[in-house]
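The values are calculated or read from the model by the stated rules, or taken from the named source; none is laboratory data. Every value quoted in this text rests on a predicted model; they were computed, and no experiment measured them. Positions of Cβ are generated from backbone atoms using ideal geometry, with glycine treated the same way; all protein chains shown enter the neighbour counts.
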Amino acid sequence: MTAPGFGAELFLGRLRTGLLTPPPGDPRRLGDADEQFLTRLREFCENKVDSHLIEREDRIPDQVIEGLKDLGAFAIKIPQEYGGLGLSGRCYLRALMLVNSTHSALGELLAAHQAIGLPQPLLLFGTDEQKRAFLPRCVHEISAFALTEPEIGNDPFRMHTTAVPDRSRDTYTLSGVKLWTTNGTIADLLVVMAMVPPAEDRPGGMTAFVVEADTPGVTVEHRSSFLGLRGLENGVIRLHDVAVPAANRIGEEGEGLTVALAAQETGRLSLPAVCAAAAKWSAKVAREWAGARVQWGRPIGEHDAVAGKLAYIAATAFALEAMVEISGGRADLGGDTALEAELAKLFASEHGWLVADELMQLRGGRGYETAESAAARGERGVPVERLLRDLRIGRIFDGSTEALRSFIADAVLTHHRTAADTTLDAPGSGEAPADYPVGSRVLAGHLLFVEQAARRIAGPFAEFARRPESELGTFQRHLGRLVDIGAELYAMSTACAYAEALGGTDDAPVRLADMFCRQARIRIAELFARLVANTDGHDRALARAVLAGDFTWLEEGVVDPSIDGPWIAEPKPGAAIGPDLRRRTVTSGVGASPDLTECKGADDGR
Ligand SMILES: Cc1cc2nc3c(=O)[nH]c(=O)nc-3n(C[C@H](O)[C@H](O)[C@H](O)COP(=O)(O)OP(=O)(O)OC[C@H]3O[C@@H](n4cnc5c(N)ncnc54)[C@H](O)[C@@H]3O)c2cc1C
């Protein structure tokens, strides 16, 4: 059994700062091969990508996709023995920061392939034959992960897609409709989740398969468009009597959810990296603009209300980078970092969004105007409205905020039940405040606060862990607030650890970490207060009345511009009736492998 990570210990009331310590040396600098790759990627993004063209045409040009393949950007973590670059997880996260700040659709293109697409499930669960067959293809072919269906959102158990085994032909026949598959409209390879029906000789259950996108019966029926993420290749994929070799099954029958969750867990730091990049860019724009824009006789940054926004954006950008770097470093060392990654995703997607919103406010009308419109009338085209549109999805996909709070609460309750059974140390017996490995007294003070607050949330969690699970439903928001406090504490801890690693007593990082911790402590105090003073019970009663239609009179006097149709489309089984909208990029299906010899790292088995 793997030792509990920092997050699990924190929720047990124990502060194990040693579990956050990054490797010695400057945490900003990665290995030589990592750095060389990132330099090439940066040059490519700056010189070969026109992000405004992607936005305007809602399409990533073929040559950009091919250029990224040639750089090895689709194979950053794929080991060299399979033709990949074999670089570190932190290098992958920094690559995402570079491409995502160029245009968000590029970040999604790479993350959907590497975080949830084929490489990750194969590396975790694939047989040797599967790895040899598919991983070299993942270097130059694009993959996608297809779980969602009209009936499936956060609840994967309402799956309609079936995989019926034919033992005589050693195949499965897949049928169903998959919704919102990112990369699905250009993918060469799909990871498809389907239900194997139970029978006398098999338990069946949700199972993962590798499906070649050009197999007869696979049709891209629709390309979806969204609030943001223009250029995203996302769509509806119909599978009708698709014959898939049994050798393409990943893991055993019934292990699909384990495969999906494990792949998601390792990829879950992708979104925090995207949010950190957004916050870092926001810090730059906010600083430049708030210094240049003069209103009422002073740069707006000197007005108190705007100064508050600048301080929040700068401190949060530091904390998000700290979270990604520290969590990413721990993930590279191996071990179980699932809970930390979930905390990072929850915190980063919520605060990334708030940062973007504050940036828009600070930019005033120019924040709401498109970059192209501003440029056309002779001003700098700063795509803040695009940032806001692109970031909003972070709170919804990859585990919605509400779902994540529940997953984390469940995991914490399980830790508490196990801790009680296995007589772990009593809650609160973490490192003594005097032992905090930080040179700064200011940061040590914040870590002392973290330890005390961690004990305060461990108590209620221990109490809930003793209750029957059937009683916990009505405490979803209460548990959610406890989880949010834990996420803030995790952010404070990583900010302190990162500031320490950046220079200990060096003024700038300590100052940012201190500022972040001060702001977080106020939010934590508010969350603690709302554990006691809230309207949860009244809200539940009112929500029941709303659902019962008691207040429909309130909805009168407005027009509903929705286009008519069912709330959720009924899955219609059968063959596709429309054309296949799959977009074939220059080399898709050709199988030409780029020569990545110059790009490769020292591959130490990561
Ligand atoms: C741009 C985009 C890209 C995507 N890419 C992919 C992809 O590559 N592959 C893929 O398989 N899917 C993909 N998805 C699907 C995505 O993962 C789902 O949208 C996400 O899981 C949420 O599901 P849903 O939209 O059906 O929301 P629902 O599950 O219907 O949730 C609706 C609301 O109810 C809340 N809610 C639901 N259940 C609970 C609960 N038990 N307790 C409290 N609140 C609850 C949710 O938090 C949310 O606020 C993508 C979606 C989008 C929009």
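Which one is farthest from E212 (Cα to Cα) among residues in region 154-175 that are in a loop (DSSP other than H, G, I, E, B) and without any contact (Cβ under 8 Å) to a residue 40 or more places away in the chain? Only one residue tops the list, namely D155.
Return a yes/no flag: does region 158-166 have any residue that is within 23 Å of the chain's Cα centre (by Cα), crowded, with 16+ Cβ neighbours inside 10 Å and within 21 Å of A133 (Cβ to Cβ). No; the residues of region 158-166 include none that is within 23 Å of the chain's Cα centre (by Cα), crowded, with 16+ Cβ neighbours inside 10 Å and within 21 Å of A133 (Cβ to Cβ). Would you pick out the residues in region 439-462 that are more than 16 Å from R518 (Cβ to Cβ) and in a loop (DSSP other than H, G, I, E, B)? Correct list: G439 only.
Of everything in region 212-233 that is without any contact (Cβ under 8 Å) to a residue 40 or more places away in the chain and under 21 Å from L122 (Cα atoms), the residue that is surrounded by the fewest Cβ atoms within 10 Å (Cβ to Cβ) is T215.
Taking the conditions (1) touching a Lys or Arg at 6+ places or on another chain (Cβ under 9 Å); (2) surrounded by fewer than 18 Cβ atoms within 10 Å (Cβ to Cβ) in turn, G84 satisfies each one other than (2). Of the residues screened, V285 is not one that is part of a helix (DSSP H, G or I), of a type in the set (V, I, T) and modelled with pLDDT under 95. Taken together, the residues in region 249-271 that are within 15 Å of the ligand (Cβ to nearest atom) and assigned to a loop (DSSP other than H, G, I, E, B) amount to 1.
You will find that of E358, E350, the residue that is of a type in the set (D, E), more than 13 Å from the ligand (Cβ to nearest atom) and either within 30 Å of Q476 (Cβ to Cβ) or touching a Cys at 6+ places or on another chain (Cβ under 9 Å) (or both) is E358 and no other.
Identify, please: which residue in region 109-134 is surrounded by 24 or more Cβ atoms within 10 Å (Cβ to Cβ) and polar (S, T, N, Q) and is, among those, farthest from I393 (Cα to Cα)? Once the filter is applied, the top-ranked residue is Q120. Per the listing E342, E358, the residue uniquely under 25 Å from F11 (Cα atoms) and either in a helix (DSSP H, G or I) or in contact (Cβ under 8 Å) with a residue 24 or more places away in the chain (or both) is E342. Take the conditions (1) more than 17 Å from A348 (Cα to Cα); (2) more than 16 Å from the ligand (Cβ to nearest atom); (3) β-branched (V, I, T); T474 misses just one of them, which is (2).
Close contacts from region 268-288, counting a first residue that is at negative phi and surrounded by fewer than 24 Cβ atoms within 10 Å (Cβ to Cβ) and a second that is at pLDDT 95 or above and not in a helix (DSSP H, G or I), with Cβ to Cβ under 8 Å and a gap of 6+ residues or different chains, come to V285/V382. If you check T401 against the conditions, is it at pLDDT 95 or above and within 15 Å of the ligand (Cβ to nearest atom)? Criteria met by T401.
Is it the case that L106 is over 17 Å from G267 (Cα atoms), at pLDDT 95 or above and buried (at least 24 other Cβ atoms within 10 Å of the Cβ)? So L106 does not fit the description; no. Scanning region 550-570 for residues that are modelled with pLDDT of 95 or more, over 30 Å from L179 (Cα atoms) and of a type in the set (G, A, S) turns up at least one hit.
Conditions (1) aromatic (F, W, Y); (2) more than 16 Å from the ligand (Cβ to nearest atom); (3) modelled with pLDDT of 95 or more; (4) not in a strand (DSSP E or B), marked per residue:
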{"residue": "A187", "(1), (2), (3), (4)": "no, no, yes, yes"}
{"residue": "V192", "(1), (2), (3), (4)": "no, no, yes, no"}
{"residue": "F226", "(1), (2), (3), (4)": "yes, no, yes, yes"}
{"residue": "L232", "(1), (2), (3), (4)": "no, no, yes, yes"}
{"residue": "V244", "(1), (2), (3), (4)": "no, yes, yes, no"}
{"residue": "A247", "(1), (2), (3), (4)": "no, yes, yes, yes"}
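Checked against the criterion of being farther than 17 Å from D332 by Cα and in contact with a strand residue (DSSP E or B) (Cβ under 8 Å, 6 or more places away or on another chain), region 90-108 has at least one qualifying residue.
Taken over region 138-169, the criterion of being more than 10 Å from the ligand (Cβ to nearest atom) and within 19 Å of T207 (Cα to Cα) is satisfied by S143, F157, M159, H160, T161, T162, A163, V164, P165, D166, R167, R169. Kindly evaluate G301 against the criterion of being outside any helix (DSSP H, G or I) and over 17 Å from the mean Cα position of the chain (by Cα). No: the conditions fail for G301. The set of residues in region 423-451 being loosely packed, with under 14 Cβ neighbours inside 10 Å and either at pLDDT 95 or above or of a type in the set (D, E, K, R) (or both) consists of D425, D435, R441.
Looking only at region 78-137, residues that are within 16 Å of the ligand (Cβ to nearest atom) and not in a loop (DSSP other than H, G, I, E, B) come to 18 in all. Taking region 17-52 as the range and being assigned to a loop (DSSP other than H, G, I, E, B), crowded, with 18+ Cβ neighbours inside 10 Å and charged (D, E, K, R) as the test, no residue passes. Identification of helices (runs of 4 or more DSSP H) wholly contained in region 463-549 with 2 or more residues that are small (G, A, S), in contact (Cβ under 8 Å) with a residue 12 or more places away in the chain and crowded, with 23+ Cβ neighbours inside 10 Å yields 476-503, 507-532.
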